[in-house]
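Step one of this worksheet: look at the structure below.
The values are calculated or read from the model by the stated rules, or taken from the named source; none is laboratory data. Just so it is clear, the model here is predicted, and its values are computed rather than measured. Note: ideal-geometry Cβ built from the backbone for every residue, glycine included; neighbour counts use all protein chains shown. All accessible areas refer to the heavy atoms of the entire protein, side chains included, with ligands and DNA or RNA removed. Shrake-Rupley method; radii C 1.70, N 1.55, O 1.52, S 1.80 Å.
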Amino acid sequence: MKGTGTEEILNRRITSPVPLGSYPASDVTFLLKDLSAVTLERATAEREEAIQSGTHYSEMLPVEYQPTEQYIELFHETLQQSAEKVALAVAVVSEMIVAQRKPNCVLVSLARAGTPIGVLIKRYIAERYGRDLPHYSISIIRGKGIDENAILYMLQQHGLDADLQFIDGWTGKGAIRQVLIEACNSLDKKYGIRLNDDLAVLADPGNCSGTFGTREDYLIPSACLNSTVSGLMSRTVLRDDLIGPEEFHGAKFYKEWLDTDLSNVFIEAICPYFPSVTEEALQIASLMLKSPPDITWAGLRDIKSIQETFGIADINLVKPGVGETTRVLLRRVPWKILVDTMDNPNLRHILLLAEDRGVPVEVFPGLTYSCCGIIKPLKGESE
């Protein structure tokens with residue numbers, strides 16, 4: 001197979017991308033099929049039951065949570081307070097990418113949490129090094145893998161030896177990193193193309209990435225919101241009746257929310273801090289490159305301990321870290337939220353959302369993460 005792999009990649013017919021999302025076209029190209037006209041949303045309880053009964057989460061979409069005024073205020077306040085901190089993490093991870101990758105590498109964000117981070121990394125590298133790197137946003141789905149057509153499209157555009165740098169927002173228990181590792185191995189076997197499975201993230205509280213801005217589990221403001229901070233794009237969708245063999249995985253573009261979109265507000269709040277954090281970022285990145293941090297998957301041990309304590313059979317019902325806990329509260333049926341301590345300043349929005357949805361919060365001492373969201377098991381749960 002390896003002998004014909006190159007030919008197969010170059011000759012594969014792939015439907016061209018269409019303009020999508022609310023970012024300027026110069027910031028990112030979404031390699032996604034536009035499913036805006038398809039009704040895919042299902043109510044939270046109905047979707048939760050479907051997922052726990054075996055329907056894959058990528059076959060439908062949650063109804064997008066419309067945040068309260070108080071919650072939007074919290075987003076703006078958090079953004080104001082943490083913009084410099086986020087800029088530093090972006091700068092650190094960007095400096096590591098520049099040091100470790102080819103000068104003309106291709107930035108590949110994993111939709112959708114990776115997209116705003118990819119935009120920031122692209123902007124930082126352009127400003128600091130004058131390099132306008134290509135940046136794409138593609139789909140990766142737990143249990144189904146990466147969008148192969150998107151990978152092959154980028155290789156067709158940039159050459160079979162293109163250096164693809166995968167990017168995500170943060171790590172939880174490392175499930176997406178594992179999917180990426182498996183996907184890269186699969187592509188190697190199938191086409192003889194060896195991609196680097198390094199996943200660059202802003203925050204790595206799960207200790208499962210070697211390229212990161214920080215390992216602190218704090219609130220990245222883009223985790224506060226869904227589509228309105230990710231270019232108005234939905235989660236990605238993969239269903240045989242919607243996606244043909246020559247097409248990318250799908251997503252919806254919520255054009256109707258352009259008036260309330262904060263995607264570019266988020267980007268423009270952080271970029272002005274780049275010049276002032278560069279020196280510190282260079283020092284941090286240099287130390288990390290000299291003595292690469294261990295990838296210990298420490299977060300997974302936490303999850304197993306939580307599974308045992310609460311008798312949870314399915315590991316996918318435990319969502320660790322500030323980003324994942326936020327998502328549990330925004331679009332799943334939460335059972336309870338575990339926190340390392342009630343006075344952790346990183347948890348204000350979590351406590352606000354939990355109160356809004358009537359979800360109990362418990363202290364679980366010794367967490368690697370700031371917090372952990374547990375989805376309500378719908379079968380055999382006595383509570």
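Gln165 satisfies every condition listed in (1) within 30 Å of Lys319 (Cα to Cα); (2) not in a strand (DSSP E or B) except (2).
Candidates are the residues of the range 242-269 that are open to solvent by 20 Å² or more (accessible area, probe 1.4 Å) and polar (S, T, N, Q); the one that is modelled with the highest pLDDT is Asn264. Within the range 43-67, the residues that satisfy the criterion of being open to solvent by less than 60 Å² (accessible area, probe 1.4 Å) and among the β-branched types (Val, Ile, Thr) are Thr44, Ile51, Thr55. Would you check if there is a residue in the range 270-290 being farther than 27 Å from Val229 by Cβ, open to solvent by less than 50 Å² (accessible area, probe 1.4 Å) and not aromatic (Phe, Trp, Tyr)? Yes, that holds for at least one residue. Scanning the range 147-162 for residues that are touching a His at 6+ places or on another chain (Cβ under 9 Å) and either in a helix (DSSP H, G or I) or open to solvent by 10 Å² or more (accessible area, probe 1.4 Å) (or both) returns Asn149, Ala150. Comparison of Gly192, Gly213 shows that the only residue that is closer than 26 Å to Ala285 by Cα, in contact with a helix residue (DSSP H, G or I) (Cβ under 7 Å, 6 or more places away or on another chain) and either surrounded by fewer than 21 Cβ atoms within 10 Å (Cβ to Cβ) or in contact (Cβ under 8 Å) with a residue 12 or more places away in the chain (or both) is Gly213.
Under the condition of being closer than 15 Å to Cys224 by Cα, basic (Lys, Arg) and in contact with a strand residue (DSSP E or B) (Cβ under 6 Å, 6 or more places away or on another chain), which residue from the range 324-367 is modelled with the lowest pLDDT? Here the residue is Arg331. The number of residues in the range 294-313 being more than 21 Å from the chain's Cα centre (by Cα) and either modelled with pLDDT of 90 or more or of a type in the set (Val, Ile, Thr) (or both) comes to 8.
For the range 328-368, a residue qualifies if it is assigned to a helix (DSSP H, G or I) and either open to solvent by 20 Å² or more (accessible area, probe 1.4 Å) or among the polar types (S, T, N, Q) (or both), and the qualifying residues are Arg331, Pro345, Asn346, Arg348, Leu351, Leu352, Glu355, Asp356, Arg357.
In this structure, Arg239 does not satisfy being surrounded by 22 or more Cβ atoms within 10 Å (Cβ to Cβ) and not in a strand (DSSP E or B).
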